[in-house]
Amino acid sequence: MAIAGEGALSPVTAFALVGALGVGAQWIAWRLRMPAIVLMLAAGLIAGPATGLFDPARDIGPLATPMISLAVAVILFEGGLSLNLRSLSDAAEGVRRLVFIGAPLGWLLSALCLRWGAGLSWASASVFGGIMIVTGPTVIAPMLRTARLARRPGALLQWEAIINDPLGALAAVLAFEYVLVAYTATEAESAIFALVLGIGTALILGAAAGFGLAWAFRRAKVPEYMKVPVLFAVLLVVFAASDAVLHESGLLAVTVMGLVIANANLPSYEELRRFKEHATILLVSGVFILLAASLDFTALEELDWRAILFVAIVLLVARPLTVFVALTFTKLPWRERLLVALTGPRGVVLVAVAGLFGERLQQLGVADGALIGPLAFLLVTVSVVVHGFTLAPFARLLGLTAAETPGVLIVGGSHWTVGLAEALKDAEVPVLIADANRSHLRAAREAGIRIFFGDILSEAAEHRVEVQGFRTVVAATDNDAYNTLVATDLGPEFGREFVYQVAREKGERSRYQLPASLGGRPFGDGATYRELNRRMWQGWRFRVTRLTEEYGLEEWREKRPHAVLLGSIDEDGVFAFVSPEQEDDLKPHPGTRLVSMLPPEDDNKRKAA
C-alpha cells in the first residue's frame, strides 16, 4: 500500500479506498437485501475513526470539503433532473403542501426541538433548524429502490426530499445572516440585500443554464458525444458562480437547472438521466464514506442524554406533526400520510452544511455551535438506520408497496402470452399484459388477466403502470424490431438480467439482422414468436410443477423429455425466466416450481398417469 507519510495514505490510495468501500458496500447491501446507506456508514466509520486507516483531512487534505460540496451539487442536480412535472399527477397537491407549509413549519418545530430538547441557544437552534428541513434525496432514493413503494407515496417522498434540500440550505443562510447582524455591527439592510441578491442570482443562473442547454441540445449545437461533458462543465460553472455570490445558493441553482432540463422534452434526455444516475451512485457512495470517516468520536463525547431526547422528539413528534398539518384537508388516504409522516431520514446535505455553519457560529462567538456537527451526524445515523430497516416492512403493513411479490410484465398480447399469463396467475405470480392493439388484449381480458391498453414506452404508461411492482419483463410482440426497442429501453430500469424477448426471426441476409448487443435475453429453447404461437395451436400447454425431495429436476426431465423449460418460481413466489445457457446450471431447491410448455404427447401421458 502506498504511504504518503507516517500512518497516512497517499491521495491516490485514499481515493481508491473510498471507491472500493462505497461501491463495495452498495454491492453487499444488494446481495444481502439490506439498506445500502447503513452499510456505507458502517464502512466509513470502521475505516475512519474506528481503525484510523483513513482520515480525509490527513490523506486528502483541504480538497475534501470542496469535493463534498461539488458532489452534493451533482447529486442535487440529478435529483432535479428526475423532477418531471408530468410525473407528479395526483401527488402534486401533497408536494406543494409539504414544500410551502411543511418546510416553514418543520423549521419552527426543529428549532424548538433543538432549543428545548438538545439545549442549544436560539442562535444555533435557528440556523440548525433551517438545515433540518431537508430529508435527504441521497438516502431516500436507495430506500425507495429497496422498499418498492407505490407510485404516489414514493413520489411524495422523492419530490419533498429534492426540493427541500436547497431550501433547507437557504433557510440556514437566512438564519445565519440574522445571527451575523445580531453578533456583529453588520447592518440588517446589507444582510437582506445579500440574501435577496444570492437567491435571485441562483434562480436566474439555474433557469438560464437549463433553458440554454435545452436550446443547444435541441438545435444540435452540441454533438451527441459531447452532451454529457458540456452538461457537467455548465453544472460546475453555475454552482461555483452562484456560490460566489451567496454561500450554499449554488445548491438552489443546480436544482433549478435540473428541473428545467427535465421538463424540456429533450430527445436525448434518457441518456443524460441514466448517465447522471450512474455518476450519482458513485458520488453518494464516496460522500458517505468521506463524511463517516471524518467523524471525530471525541466530539460525540460532548453530547449528553439530551441529544438522544432531541433525536427522539424530531423523529416521533416534529416530523409527524409537520406532515400531518401540511397534508390536512388533502385527498391523500391516511395510510399514505402516516407513511410519509414516519419517514424522514436525513442525509449528506444535512451533515455537510451543518458542519460548515457550526464552524461559522463558533467564529462569531456562539459556543454551542460546536455541538451542531455531532448532533447532525447523530440524527443522520439514527434516522438512516431506523428508516432504512423499517420503511419496507412498514409500507407492506400499510399496503403501500407496488406489489407483495414482484411480478412479470408481458409486452404483447397473443395466444402464447395469454397462456403464460394464466399459468403465472394460477401460481399467484402478479402479471400484466400490455399491448397497443386492443384486439390483441381481448383474450387476456376474458381470462381475467390484468391488461394495459397502450404503448408500454409511452408517457401514459409511466403514469398508469406501477413498474415498481414488476421485476421481470418479456417483450413478445409479433414485431422483432419493437421487441428489441422495448428490451433495450427498459433494460437499464429493470436490470438487463431481468429483461427478455422472444427470439428474432432468422433473416436470409445479415444486413437486415439487428445487432446482438441490442435487445433482451433469450429464454426457453429460443423459439420465435411464430414458433411459440404455432405450438399453442398444435396443442402445447403450460404446466407448473412443484419439485420435492423425491421429485427433483432430474426426475422432471426424465418424465418430461420433450418439455420446454421456460422458468422457475422460487419459495418466495418470484418468477424468473431460464435462458438456454442457464438450464444446465439450474439447481432448484425443493419447493421450487418449474414453468414449462408440454407438447400434446407429453401432456396426454401426464393426464393418463
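Just one of the numbered conditions (1) assigned to a helix (DSSP H, G or I); (2) open to solvent by less than 40 Å² (accessible area, probe 1.4 Å) is not true of Leu295: (1). The numbered conditions (1) surrounded by fewer than 24 Cβ atoms within 10 Å (Cβ to Cβ); (2) touching a Gly at 6+ places or on another chain (Cβ under 6 Å); (3) touching a residue at least 12 places away in the same chain (Cβ under 8 Å) are all true for Pro345 except (1).
In region 473-490, the residues that are within 20 Å of Ala576 (Cα to Cα) and touching a residue at least 24 places away in the same chain (Cβ under 8 Å) reach residues that are assigned to a loop (DSSP other than H, G, I, E, B) and open to solvent by 40 Å² or more (accessible area, probe 1.4 Å) with C-beta atoms within less than 6 angstrom, at least six apart or across chains, in these pairs: Thr484/Leu514; Thr484/Leu518; Thr488/Leu518; Asp489/Leu457. Taken as a whole, region 325-332 holds no residue that is open to solvent by 80 Å² or more (accessible area, probe 1.4 Å) and assigned to a helix (DSSP H, G or I).
When region 405-418 is limited to residues that are touching a residue at least 40 places away in the same chain (Cβ under 8 Å) and open to solvent by 10 Å² or more (accessible area, probe 1.4 Å), the one that is nearest to Met536 (Cα to Cα) turns out to be His415.
Do we have Trp116 as touching a helix residue (DSSP H, G or I) at 6+ places or on another chain (Cβ under 6 Å), of a type in the set (Phe, Trp, Tyr), open to solvent by 10 Å² or more (accessible area, probe 1.4 Å) and at pLDDT 90 or above here? No: the conditions fail for Trp116. With respect to Val284, is the statement that it is surrounded by 16 or more Cβ atoms within 10 Å (Cβ to Cβ), at pLDDT 90 or above and within 30 Å of Ile46 (Cα to Cα) true? No: the conditions fail for Val284.
Helices (runs of 4 or more DSSP H) fully within region 475-577 that include at least 1 residues being surrounded by fewer than 18 Cβ atoms within 10 Å (Cβ to Cβ) and modelled with pLDDT under 90: 480-494, 553-559. Could you tell me whether region 449-461 includes any residue that is in contact with a helix residue (DSSP H, G or I) (Cβ under 8 Å, 6 or more places away or on another chain), of a type in the set (Asp, Glu) and either part of a helix (DSSP H, G or I) or open to solvent by 40 Å² or more (accessible area, probe 1.4 Å) (or both)? Yes, because at least one residue in region 449-461 is in contact with a helix residue (DSSP H, G or I) (Cβ under 8 Å, 6 or more places away or on another chain), of a type in the set (Asp, Glu) and either part of a helix (DSSP H, G or I) or open to solvent by 40 Å² or more (accessible area, probe 1.4 Å) (or both).
Here is a yes/no grid of residues against (1) open to solvent by less than 10 Å² (accessible area, probe 1.4 Å); (2) in contact with a Pro (Cβ under 9 Å, 6 or more places away or on another chain); (3) more than 30 Å from Val544 (Cα to Cα):
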residue: Trp334; (1), (2), (3): no, no, yes
residue: Phe357; (1), (2), (3): yes, no, yes
residue: Gly369; (1), (2), (3): yes, no, yes
residue: Ala376; (1), (2), (3): yes, no, yes
residue: Thr381; (1), (2), (3): no, no, yes
residue: Gly399; (1), (2), (3): no, no, no
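When Leu424 is tested against (1) of a type outside the set (S, T, N, Q); (2) over 26 Å from Leu547 (Cβ atoms); (3) in contact with a strand residue (DSSP E or B) (Cβ under 8 Å, 6 or more places away or on another chain), only condition (2) is not met.
One residue stands out among those in region 95-135 that are within 25 Å of Thr255 (Cα to Cα) and free of Cβ contacts under 8 Å to residues at least 12 places away in the same chain: the one that is farthest from the chain's Cα centre (by Cα), which is Pro104. Under the condition of being under 11 Å from Ala293 (Cβ atoms), in a helix (DSSP H, G or I) and open to solvent by less than 30 Å² (accessible area, probe 1.4 Å), the residues counted in region 38-84 number 9.
The values are calculated or read from the model by the stated rules, or taken from the named source; none is laboratory data. This is a predicted model, so every value here is computed, not measured. So basically every Cβ, Gly included, is an ideal-geometry build from the backbone, and we count neighbours across all protein chains shown. Accessible surface is based on the protein model in full, side chains and every heavy atom, while ligands, DNA and RNA are left aside. Shrake-Rupley method; radii C 1.70, N 1.55, O 1.52, S 1.80 Å.
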